[in-house]
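Asks: Here you go, one structure.
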Amino acid sequence: MLKIFKTKQRMLVTAALMTGLLGAGTVNANIDSIHFLIPGGAGGGWDGTARGTGEALTNAGLINNASYENMSGGGGGKAIAHLIETADQAQGTLMVNSTPIVIRSLSKVFPQSFRDLTPIAATIGDFGAFVVKADSKYKTFNDVIADYKADPRSVNIAGGSARGSMDHLVAAMAFKAAGANPNNVKYLAFDGGGKAMASLLSGEAGLLSTGFSEALALAAAGEVRILVMTGDQRSDAAPNVQTLKEQGYNATFVNWRGFFGAPSLSNAQADEYAQTLAQMYSTPEWEKVRSRNGWTEIFKPRAEFVTFLEEQEEVVGNLMRELGFL
């Protein structure tokens with residue numbers, strides 16, 4: 001089975017668990033506000049994760065204010081470099097990121113890695129999904145594969161990230177599971193989910209590779225359909241959407257999303273951020289945001305997050321080499 005990493009469907013974070021994971025000290029973090037740095041444009045998964053997290057934290061009263069800054073460019077490298085270069089002024093900033101920070105570091109899209117930042121916590125997982133226009137001829141992923149096998153260049157797949165990155169890798173994984181040559185996937189790279197969506201609606205692309213939470217929001221607008229998703233099983237958020245496995249393809253994928261602080265952030269400050277995020281899980285405000293987006297909880301704070309990143313770097317690197325991306 002092609003599987004980038006395994007996750008539990010849902011993890012309830014209790015005060016006892018937080019104490020065990022984060023060490024001694026109160027879970028009442030002394031954080032008034034958070035400035036969320038988003039390495040991509042509006043409408044993408046990073047954007048939705050940061051704004052959804054800020055919404056839950058403020059509505060639950062865990063912080064008083066949340067602000068947001070979209071800084072796209074360089075496959076996310078511009079925001080990473082900015083956070084490092086302005087570290088002394090960025091003590092109140094958390095940058096959202098996800099599996100692409102591992103992928104793009106491996107492929108040298110930017111010179112930095114997660115080791116140049118202060119990992120705070122992985123917070124959620126988001127499955128991949130393939131989306132088509134509402135009036136598309138494709139009814140199942142089998143239909144896409146049939147066209148692809150007849151003529152690989154006839155299937156254009158759009159994604160809101162660069163070639164060899166997340167959306168491309170998920171598409172390649174799915175096509176490889178279908179017995180097709182993933183290196184022949186015609187992938188159209190865009191800077192952000194909004195531009196990739198415009199490509200789909202204009203007919204430039206026949207298929208959009210994106211996160212499941214983004215796909216839910218797009219489908220709610222009525223202009224697209226979710227063709228298939230990459231979870232181990234169907235999501236309660238969209239129980240009518242089949243998985244790749246249900247359609248006969250032995251492949252699953254889930255992308256973590258989480259937060260990083262500036263490299264100069266102290267351990268005490270980093271622990272406070274992690275504790276604040278941990279508290280969020282037990283609030284109804286968070287459950288509202290989580291269920292609305294179809295997110296899976298995969299809370300991994302501080303040292304556990306670093307260990308996980310190191311393991312994923314090895315697993316993803318091996319997969320990228322197998323698929324010819326490295």
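Asks: Exposure proxy check: VAL109, VAL254 ranked by fewest other beta carbons within 10 Å?
Replies: VAL109, VAL254
Asks: Treating each Cα of segment 214-326 as an identical point scatterer and ignoring solvent, apply the Debye formula and state log10 I(q)/I(0) at q = 0.12 Å⁻¹.
Replies: -0.64
Asks: Which of LEU83, ILE226, ALA215 sits closest to the plus end of the dipole of the chain, meaning its Cα is farthest towards the positive end, when Lys and Arg get +1 and Asp and Glu get -1 on the C-beta?
Replies: ILE226
Asks: Something else now. Rank MET197, MET71, MET229 by mean-square fluctuation in a GNM of the chain with C-alpha springs under 10 angstrom and give only the top-ranked residue.
Replies: MET71
Asks: With an 8 Å Cα cut-off and a minimum separation of 6 or more residues, compute the relative contact order for segment 128-250 in percent.
Replies: Values: 224 pairs, mean separation 45.0, N = 123.
RCO, segment 128-250: 37 percent.
Asks: Return the equivalent ellipsoid semi-axes of segment 151-209 as a descending list in whole Å, where each equals the square root of 5 times an eigenvalue of the C-alpha gyration tensor.
Replies: Equivalent-ellipsoid dimensions as semi-axes: 18, 13, 8 Å.
Asks: Does anything in segment 251-268 have its amide N under 20 Å from the 7 Å Cα→Cβ label point of ASP32, and if so which residues?
Replies: Output list for this probe position: 262, 265-266, 268.
Asks: Here is a further query. When the Kirkwood radius is taken over all Cα pairs of the chain, what Stokes-Einstein diffusion coefficient follows at 37 °C and 0.692 mPa s, in µm²/s?
Replies: Value of D from the Cα-based Kirkwood radius: 166 µm²/s.
Asks: Compute and list, largest first, the equivalent-ellipsoid semi-axes of segment 128-250 from the alpha carbon gyration tensor, each √(5λ) rounded to a whole angstrom.
Replies: Details: eigenvalues 68, 61, 37 Å².
Ellipsoid half-lengths, sorted descending, are 18, 17, 14 Å.
Asks: Which FRET efficiency value, to the nearest 0.05, is calculated for ILE84 and ARG321 with the Förster distance at 35 angstrom and r the Cβ-Cβ distance?
Replies: For R0 = 35 Å, the calculated efficiency reads 0.80.
Asks: May I pose another question? What list of ³J(HN,Hα) values in whole Hz, one per residue of segment 177-186 in order, does the Karplus curve 6.51 cos²θ - 1.76 cosθ + 1.60 (θ = phi - 60°) give from phi, with Gly and Pro shown as x?
Replies: Running phi through 6.51 cos²θ - 1.76 cosθ + 1.60 with θ = phi - 60° gives 5, 7, x, 8, 7, x, 6, 9, 4, 8 Hz.
Asks: Label 7 Å along Cα→Cβ of SER264; segment 63-97 residues with amide nitrogen under 14 Å?
Replies: 82-93
Asks: Just rank SER136, SER264, fewest to most, by other beta-carbon atoms within 10 angstrom.
Replies: The most exposed by this proxy come first: SER264, SER136.
Asks: What's the extension gain from ASP232 to SER113 if we count 0.36 nm per residue and subtract their Cα-Cα distance?
Replies: 39.9 nm
Asks: Calculate one ³J(HN,Hα) per residue across segment 226-231 by plugging θ = phi - 60° into the Karplus curve 6.51 cos²θ - 1.76 cosθ + 1.60, and present them in order as whole Hz with x for glycine and proline.
Replies: So the J values, rounded to whole Hz, are 8, 6, 6, 10, 10, x.
Asks: Could I have the simple spin-label model distance between ASP151 and LYS186, label points 7 Å from Cα toward Cβ, reported in nm to one decimal?
Replies: 0.8
Asks: Along its three principal axes, how long is segment 40-139 when you only count alpha carbons? Whole Å, largest extent first please.
Replies: 53, 39, 20
Asks: Now, a different point. Hey, which of these cross-link pairs are over 19 Å Cα-Cα: LYS133/LYS245; LYS133/LYS195; LYS139/LYS245; LYS149/LYS186; LYS195/LYS288?
Replies: Check vs 19 Å cut-off fails for LYS133/LYS245; LYS195/LYS288.
Asks: Enter the mean projected area of the convex hull around the alpha-carbon atoms of segment 224-290, in nm², rounded to one decimal.
Replies: 7.1
Readers should treat all values here as calculations from the given coordinates under stated rules, not as data from a laboratory. Quick caveat: nothing in here was measured; it's all calculated off a predicted structure. When we count neighbours, we look across all protein chains shown, and the Cβ atoms used for this are built from the backbone with ideal geometry, even at glycine.
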